[in-house]
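Engineer: After the structure tokens below, expect a handful of questions from me.
The values are calculated or read from the model by the stated rules, or taken from the named source; none is laboratory data. Note that the structure is a prediction, hence the values are computed from the model and not measured. For neighbour counting, all protein chains shown are included, and Cβ atoms are generated from backbone atoms with ideal geometry for every residue, glycine included.
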Amino acid sequence: MNIIICGAGRVGFTIAKLLTEQNHSITVIDQSSEDIQKINDALDVKAIVGKATSPIILENANSKDADMIIAVTRNDEINMMICQIAYSLFKIPKKIARIRSQDYLNPKFSRLYNKENLPIDVIISPELEIAKSIQRKLESPGALDNVPFAENKIKLLEIYIEETCPIADIKLNELTKKFPKLNANILGVIRDGKFIFLKKNDVIKKNDKAYVVINSLQMTETLSAFGHNEKISNKILIIGGGNVGLNLAKNIEQSFDDARLKIIEKDKNRAEFIANELNNTIVINGNGLDEDILAEVNLEDVETVIALTNDDEDNLMVSVLVEKFSKDKRTMALINKPNYSLLQSSLKIDDLIDPRMTTVSSILKHVHKGTIENAYSIMNGEYEVIEAEIIETSELINKELKNANLPDEIRVGAVLRKNEIIIPRSNFIFQKEDVVVILSKRDQLPLVESMFRLSPV
């Protein structure tokens, strides 16, 4: 595919890198000559210095032959204008825009986004996506993340393997005997910084980060088998009432029964605003790093603390203070600078939230060809878990899994067939309308796309 990316910041750079490695033809546009130079030095792409709203610049980017344009500049209005110009002048088929302002995302203004008004095909809101991601973490205590697939009927769990994990050091092909209720597919683990696809004679080990595909209805049983029996937190403290914090609070109010939620926001006007937006949340105007404020919220009674300010250092320090003054709390921190992830274990923070990869994952699922409907990135996009439907043209149809000749770097996790969730074995036969969840290494994604193409070659 010929893809134009407008914006060479962290998100734009990451998308360009991943798509280039998938053999897409990429052009990147940005006004910053410094950012474009970084792109030129690191990637094999066409990089242009200039305004992406300029018709001449877009023409020079060969927009007339582009299949997609992705607008991820730092300005919402510019991203909107890029999509408008891309459609009006060049008829680019697919237009994706990152939009942060919640005013533009208000459902009552949804008619704005159509071909007659503002032709944006896909809107990515980082704040909304991050809030959803945190909510998923809260809904699966004991898991680092849970990602829904197949209309939320299949889940991908990310689980840290602790010393007390009951299934550690047991061969995968023996798990069913020892844990008959465990109906899960352990696809692989991150071990010592490397991803390993596990085979039937392999084991998971302590300190692994395991990726497990399950029937969504069996989340509690699965986590219990991994040694996690934590209850869902109802007593939650959010530090920072920005767009992420506010959206998360709204989600919690709607989805969590008996939630006891508090927010600390240091800006008085913002605190008053979010207090009016929420129904059952206590909003406190103050600094989350102030020990008196933390005492005011009765930290001892809180189960989970989520630091969501705009300052990485503040978010880290909040987590440290919580650990100092009140042990055994689950802590989460929003971190924009990737190097800070190295501090996670030493600072004893349970979860670090990376907004960049959350946004990238949201965009990538719209780039894939064929019947691929969803995608989730692992290890900065080195691996992806995707969801796709089998149609008449799929080369998998009516074929046994053992005869599909899939490379070792592709692993089928689960299949939704009508309303049944199947963990496929070697004799499993793919059928039309099966929804398949697959883990693939990045360089194998073109093969995955070909398996789910919309028309025969």
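Engineer: Given the options Glu277, Glu272, name the one that is more than 27 Å from Ile124 (Cβ to Cβ), out of contact with any strand residue (DSSP E or B) (no Cβ under 7 Å at 6 or more places or on another chain) and surrounded by fewer than 18 Cβ atoms within 10 Å (Cβ to Cβ).
Structural biologist: Just a single option satisfies the conditions, and that option is Glu272.
Engineer: Here is a follow-up. Are there strands (runs of 3 or more DSSP E) fully within segment 344-390 with at least 1 residues that are of a type outside the set (A, V, I, L, M) and under 19 Å from Ala131 (Cβ atoms)? List them.
Structural biologist: 351-353, 372-378
Engineer: Something else: Could you give me the residue pairs with C-beta distances under 7 Å whose first residue belongs to segment 191-220 and is in the same structural domain as Lys441 (by TED's automatic domain parsing) and farther than 30 Å from Lys418 by Cα, whose second residue is among the acidic types (Asp, Glu) and assigned to a strand (DSSP E or B) wherever it lies, and which are 6+ apart or on separate chains?
Structural biologist: If the second residue must be among the acidic types (Asp, Glu) and assigned to a strand (DSSP E or B), no pairs are left.
Engineer: If you take the residues of segment 109-141 that are among the aliphatic types (A, V, I, L, M), more than 30 Å from Cys165 (Cα to Cα) and assigned to a helix (DSSP H, G or I), which of them is modelled with the lowest pLDDT?
Structural biologist: Among residues in segment 109-141 that are among the aliphatic types (A, V, I, L, M), more than 30 Å from Cys165 (Cα to Cα) and assigned to a helix (DSSP H, G or I), the one modelled with the lowest pLDDT is Leu112.
Engineer: What are the residue pairs meeting all of these: first residue in segment 42-61, first residue in contact (Cβ under 8 Å) with a residue 40 or more places away in the chain and buried (at least 21 other Cβ atoms within 10 Å of the Cβ), second residue outside any strand (DSSP E or B) and aromatic (Phe, Trp, Tyr), Cβ atoms under 7 Å, and 6 or more apart or on different chains?
Structural biologist: As it stands, the answer is Leu58/Phe90, since those pairs meet every condition given.
Engineer: Contact list please: Cβ distance under 7 Å, first residue in segment 22-39 and surrounded by 15 or more Cβ atoms within 10 Å (Cβ to Cβ), second residue outside any loop (DSSP other than H, G, I, E, B) and polar (S, T, N, Q), pairs at least six apart or on different chains.
Structural biologist: Ser25/Asn2; Ile26/Thr20
Engineer: Here is a follow-up. Among the residues that make up segment 254-266, is at least one of them at pLDDT below 90 and among the hydrophobic types (A, V, I, L, M, F, W, C)?
Structural biologist: Yes: segment 254-266 contains one or more residues that are at pLDDT below 90 and among the hydrophobic types (A, V, I, L, M, F, W, C).
Engineer: Now for a separate question. Of all the residues that make up segment 184-196, how many are of a type outside the set (Val, Ile, Thr) and surrounded by 16 or more Cβ atoms within 10 Å (Cβ to Cβ)?
Structural biologist: Looking only at that region, the number is 6.
Matching residues to (1) within 20 Å of Asp301 (Cβ to Cβ); (2) under 22 Å from the mean Cα position of the chain (by Cα):
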site: His228; (1), (2): no, no
site: Ile232; (1), (2): yes, yes
site: Lys235; (1), (2): yes, no
site: Asn247; (1), (2): no, yes
site: Ile252; (1), (2): yes, yes
site: Asp257; (1), (2): yes, no
site: Lys266; (1), (2): no, no
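Engineer: Go through segment 115-131 residue by residue and tally those that are of a type outside the set (A, V, I, L, M, F, W, C) and touching a Leu at 6+ places or on another chain (Cβ under 8 Å).
Structural biologist: Here the count works out to 1.
Engineer: If we scan segment 69-81, do we find a residue that is over 27 Å from the mean Cα position of the chain (by Cα), assigned to a helix (DSSP H, G or I) and not assigned by TED's automatic domain parsing to the domain that holds Leu364?
Structural biologist: No.
Engineer: Looking only at residues in segment 197-220 that are farther than 21 Å from Ile410 by Cβ and either of a type in the set (A, V, I, L, M) or touching a Leu at 6+ places or on another chain (Cβ under 7 Å) (or both), which one is surrounded by the most Cβ atoms within 10 Å (Cβ to Cβ)?
Structural biologist: Of everything passing the filter in segment 197-220, Met219 is surrounded by the most Cβ atoms within 10 Å (Cβ to Cβ).
Engineer: Restricting the search to segment 372-397, which residues are at pLDDT 85 or above and among the polar types (S, T, N, Q)?
Structural biologist: Correct list: Asn374, Ser377, Thr393, Ser394.
Engineer: Related question: Can you list residue pairs whose Cβ atoms sit under 8 Å apart, with the first residue in segment 239-254 being surrounded by 24 or more Cβ atoms within 10 Å (Cβ to Cβ) and the second being basic (Lys, Arg)? Count only pairs 6 or more apart in sequence or on different chains.
Structural biologist: Gly241/Arg270
Engineer: Any chance segment 161-169 includes a residue that's in the same structural domain as Cys6 (by TED's automatic domain parsing), surrounded by 13 or more Cβ atoms within 10 Å (Cβ to Cβ), among the hydrophobic types (A, V, I, L, M, F, W, C) and without any contact (Cβ under 8 Å) to a residue 60 or more places away in the chain?
Structural biologist: no
Engineer: Which ranges mark the strands (runs of 3 or more DSSP E) fully within segment 257-333 that have 2 or more residues being in contact with a helix residue (DSSP H, G or I) (Cβ under 8 Å, 6 or more places away or on another chain) and free of Cβ contacts under 8 Å to residues at least 60 places away in the same chain?
Structural biologist: Hits in segment 257-333: 260-265, 281-285.
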